[in-house]
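Please read the structure below before turning to the comments.
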Amino acid sequence: MHPYVEYSEEVKEAKRKGMAIVALESTIISHGMPYPQNVKTAREVEDIIRSKGAVPATIAILNGRIKIGLSQEELEYLGQATDVIKASRRDIPYILATGKDGATTVAATMICAELADIPVFVTGGIGGVHRNAEVTMDISADLEELAVTNVAVVCAGAKSILDIDLTLEYLETKGVPVLGYRTDSLPAFYTRSSPYSVNYKVETAEETAGILKAKWELGLKGGVVVANPIPEADAMDEQEMDHIIETALKEADSEGIKGKEATPFLLGKVKELTDGRSLTANIALVKHNAQIGAEIAVRYAELVR
Ligand code: PSU
Ligand code: MN
């Protein structure tokens, strides 16, 4: 028990019973999707995890307290509040000390999940090396976190607002395994594949759990990326997305968008330029990740029991 950390009743009980728990982030709720779809999706994702025999722990900072598991009211609040800080590693101390609210990114959620001893975390997409990073130096803190924090991140790969090639190079340097869930190619979020290969293809939750166990039993610090492609039926057209992302990147550039605003701005633009179809795809892929992530969490809990 940590003085800054508070558990929901559901997560407390899951811990008592030794059940598998799956961490979920909250930036996707407050900065990644509009209300009310954000709250509805967050609830449905939690239910998918429950239906697979695991317990969801949506993580956020409320009134300066790290919450591991949110109540319905807290989720609803987070989905509508407009002054929630997008919280990555560097933002956590300020938010805790001032008693503010923070929506945790992949990096911050990994930190909190590790504090709460939750080894598996489900999200949509991870941050990465941005295009033109050789000039802007915009590299998501998510990658540094994957290098040092022992949490597996189930996602739909990296979206092509990023430089996928450089993101993979960075992860390689940091020693982070990138596993393709039933795929050889790194998924590109809205589309099932990219021109880039994952390190290893895994076929089952058991196999994935075994890799996590081997990594951490050996004391190899850091996370694992489990990249699970968007379901076929929900995937978007690759050429259309390339074009839209180019447009969004140009707009971000001409408006001088940078720093922590870059990713939310680009996500919002893509949604606008696809008339909301990117949001539908985003919701579908997160749900699919929840299903696979819960299976992995259950298998991992069995393996290390
Ligand atoms: N990618 C998405 N949706 C998101 C994010 C990324 O498709 O909501 C969020 C995640 O919380 C991720 C963060 O950790 O954006 C990365 O932000 P930045 O690029 O500023 O590190
Ligand atoms: Mn950035």
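When only Cα pairs below 8 angstrom with a gap of at least 6 residues are kept, region 108-197 shows a relative contact order of 28 percent. Remark: the Cα gyration tensor places region 169-223 in the oblate category, a/c being 1.5 or greater and a/b not exceeding b/c. Spin-label model, GLU232/GLU206: points 7 Å from Cα along the beta carbon direction are separated by 2.5 nm. Net charge near GLY180, counting Lys/Arg +1 and Asp/Glu -1 over other residues with Cβ under 14 Å of its Cβ? Taking every other residue near GLY180 into account, the sum is 0. When only alpha carbons are used to place a centre, region 126-192 and region 232-300 end up 14 Å from one another.
Within a Cβ distance under 12 Å of THR247, other residues only, what is the Lys/Arg minus Asp/Glu net charge?
Working: positive: LYS250, LYS269; negative: GLU240, ASP242, GLU246, GLU251, ASP253, GLU272.
That sum, taken over residues with Cβ under 12 Å, equals -4.
Where both bridge residues fall in the chain, DSSP classifies roughly 30% of the beta bridges as antiparallel. Between the residues ILE244, ASN289, SER194, the greatest Cα displacement towards the positive end of the dipole of region 161-305, with unit charges on the Cβ of Lys, Arg, Asp and Glu, is found for ASN289. Rank LEU273, LEU75, LEU179 by mean-square fluctuation in a GNM of the chain with C-alpha springs under 10 angstrom and give only the top-ranked residue. Answer for the Gaussian network model of the chain: LEU273. The Cα-based radius of gyration and maximum Cα-Cα distance (Dmax) for the chain are 17.7, 53 Å.
In this structure, the pairs whose alpha-carbon distance is over 25 Å, taken from LYS17/LYS221; LYS15/LYS52; LYS100/LYS271; LYS17/LYS213; LYS100/LYS221, are LYS17/LYS221; LYS100/LYS271; LYS100/LYS221.
Dividing the alpha-carbon Rg of region 158-305 by 2.2 N^0.38 Å yields what? Show your work: numbers first, answer last.
Details: Rg = 16.7 Å, N = 148, 2.2 N^0.38 = 14.7 Å.
Taking N as the residue count of region 158-305, the ratio is 1.14.
Rg and Dmax of region 1-157, based on Cα coordinates, read 14.9, 50 Å.
Rule-based calculations on the coordinates, nothing more; no lab input. The structure displayed is predicted, hence computed values, not measured ones. Note that we place each Cβ from the backbone using ideal geometry, even for glycine, and neighbour counts take in every protein chain shown.
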